Amino acid sequence: MDYLINAVSFILILGLMIFMHELGHFIVARLLGIRVEVFSLGFGKRLCGFSRGGVDYRISLIPLGGYVKMAGEYFGEELSGDPNEFLARPRYQRIMVMLAGPAMNIILAVTLVAINYMVGIELPTFYHDDAVAGHIVDGSPAQAAGLAVGDRIIALGERPVRDWADFQLLAITFSKQTVPLRYQRDGQTRSTSIVLAETLQDPSEITGILPMIPTRIASVADGFPAQRIGLRPGDEILEATDGQYTARGYMDISRLIQRSVDREVSLSVKRGQDLVTLAGRPALSKDEPRRGVLGFTIVIDRLEERYGLLESLRRSLQDNYNFVVMTYRVLGKVVSGRLSMRQLSGPLGIAEASGEAVKTLKLTVVFSFIALISVNLAVVNLLPIPLLDGGMIFILLIEMILRRDLPLRLKERAVQIGFLMLAALMGVVIILDILKAVE
């Protein structure tokens, strides 16, 4: 069932983005008076449609986006002499048409994120808390840099860190680099450098720093040590110690409990206005041998962000700008070899993520996912690879500089090379998707 949900979600989401992309080409072409022969929703055999203004508006068999067919669009195509054919138009107009597709993807992303801000986005409150280390993973870049639980990160890579969300975004931006880091400990500002790891899966793995989350008890499982020692819903665990190490914050406390299967853990608990001490030995996890559990869940406070139209648009533009910058930086790292291609997702990975977004049954989650993928589609389409919009724009810019057309054979060969490059890239990411699924 999951595979079906993933497949249908992928087709619908990718179809929407491709359709909007082609709609951008169509709108600008029509505004410039370029003759459009076909505007299709879907690919393949024509199922139904109608003609108006010389355009065949159709619905086609394969529901994957759509396409626009302009008269005189392809290199080598025999032109009729009609000034309204695509290749007969000035180069700047052809560039406008090429830019319109990616621009429409950006407009879609900005619109969806703005709608989210107006409707209201729920995020854990720690995303907007100071970037305080709640746990330092053993063997991580943060541990190697000398960071400790309780340190407050104030700058990474010479950029200020306002909150936890800001810190995660900067960590992704500078992944696999050695960057300066400033932090506060005991009221003093200190500096160090950190060698960031490479990953796009979980930003916390880049640094090895997990957030400081309060350990407020939501529920206690029947028959588990937490119930036996008297832990109650509403309690807040301030500290936990096994006699050797003292932990604060949920991330650090939970890891202390996990590794304390053979010794007693003492909890300092705030109960109303009182401070009580509870102690017990964790039970063995049924799923993971040698992993301790006390048997409680915690409250994750969430904050709903909701804004008016103008503020929502401003925030959406800022978010999407960050998406664009991050995407270009990630692609740059892949090209330069500073980031492994294994960190990229191909069609299978995107399909799985599409299904996960849809299964949340939250429109804001789906909109955020569509926006992110739409921005990625726009960025990739603007790369100077022949066959993509960016490649066509690159060729037109060269011709504008030279003030003459490049040889037809050269342009056709460039398109063929572009096709082979994209086919090879797609094959590699699909293979990597399969390998990740097997692993």
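The values are calculated or read from the model by the stated rules, or taken from the named source; none is laboratory data. All of these numbers come straight from a predicted model, not from anything done at the bench. Reconstructed Cβ throughout: ideal geometry from the backbone, glycine too, with neighbour counts over all protein chains shown.
If you take the residues of the range 145-164 that are without any contact (Cβ under 8 Å) to a residue 40 or more places away in the chain and under 15 Å from Gly208 (Cα atoms), which of them is nearest to the chain's Cα centre (by Cα)?
Leu156
If you check every pair at least six apart or on different chains, which have Cβ atoms under 6 Å apart with a residue in the range 305-329 that is at pLDDT 85 or above first and a residue that is surrounded by 17 or more Cβ atoms within 10 Å (Cβ to Cβ) and not hydrophobic (A, V, I, L, M, F, W, C) second?
Tyr307/Tyr117; Ser312/Tyr117; Arg315/Tyr117
Against the definition (within 23 Å of Leu99 (Cα to Cα) and without any contact (Cβ under 8 Å) to a residue 12 or more places away in the chain), how does Ile395 come out, yes or no?
No: the conditions fail for Ile395.
Go through Gly33, Gly15, Gly49 for me and flag whichever is in a helix (DSSP H, G or I) and either without any contact (Cβ under 8 Å) to a residue 60 or more places away in the chain or out of contact with any Lys or Arg (no Cβ under 7 Å at 6 or more places or on another chain) (or both).
Within the list Gly33, Gly15, Gly49, the selection yields Gly15.
Starting from the range 351-369, keep only residues that are of a type in the set (D, E, K, R), then list their pairs with residues that are surrounded by fewer than 20 Cβ atoms within 10 Å (Cβ to Cβ) whose Cβ atoms are within a distance under 7 Å, requiring at least 6 positions of separation or different chains.
Between residues of the range 351-369 that are of a type in the set (D, E, K, R) and residues that are surrounded by fewer than 20 Cβ atoms within 10 Å (Cβ to Cβ), the close pairs are Lys359/Ile5.
Scanning for something hydroxyl-bearing (Ser, Thr, Tyr) and within 30 Å of Thr364 (Cα to Cα), does the range 265-282 turn up at least one residue?
No, the range 265-282 contains no residue that is hydroxyl-bearing (Ser, Thr, Tyr) and within 30 Å of Thr364 (Cα to Cα).
When you scan the range 268-290, do you find a residue that is in a helix (DSSP H, G or I) and surrounded by fewer than 18 Cβ atoms within 10 Å (Cβ to Cβ), even just one?
No, the range 268-290 has no match at all.
Yes or no: the range 385-401 includes at least one residue that is surrounded by fewer than 18 Cβ atoms within 10 Å (Cβ to Cβ), at pLDDT below 90 and on the phi > 0 side of the Ramachandran plot.
Yes: the range 385-401 contains one or more residues that are surrounded by fewer than 18 Cβ atoms within 10 Å (Cβ to Cβ), at pLDDT below 90 and on the phi > 0 side of the Ramachandran plot.
Hand me the list of strands (runs of 3 or more DSSP E) wholly inside the range 93-189 holding 2 or more residues that are over 26 Å from Val375 (Cβ atoms) and in contact with a strand residue (DSSP E or B) (Cβ under 6 Å, 6 or more places away or on another chain).
Where strands (runs of 3 or more DSSP E) fall fully within the range 93-189 and carry at least 2 residues being over 26 Å from Val375 (Cβ atoms) and in contact with a strand residue (DSSP E or B) (Cβ under 6 Å, 6 or more places away or on another chain), they are 133-136, 152-156, 178-185.
Is it true that Ile59 is surrounded by 13 or more Cβ atoms within 10 Å (Cβ to Cβ), among the hydrophobic types (A, V, I, L, M, F, W, C) and assigned by TED's automatic domain parsing to the domain that holds Ile401?
Criteria not met by Ile59.
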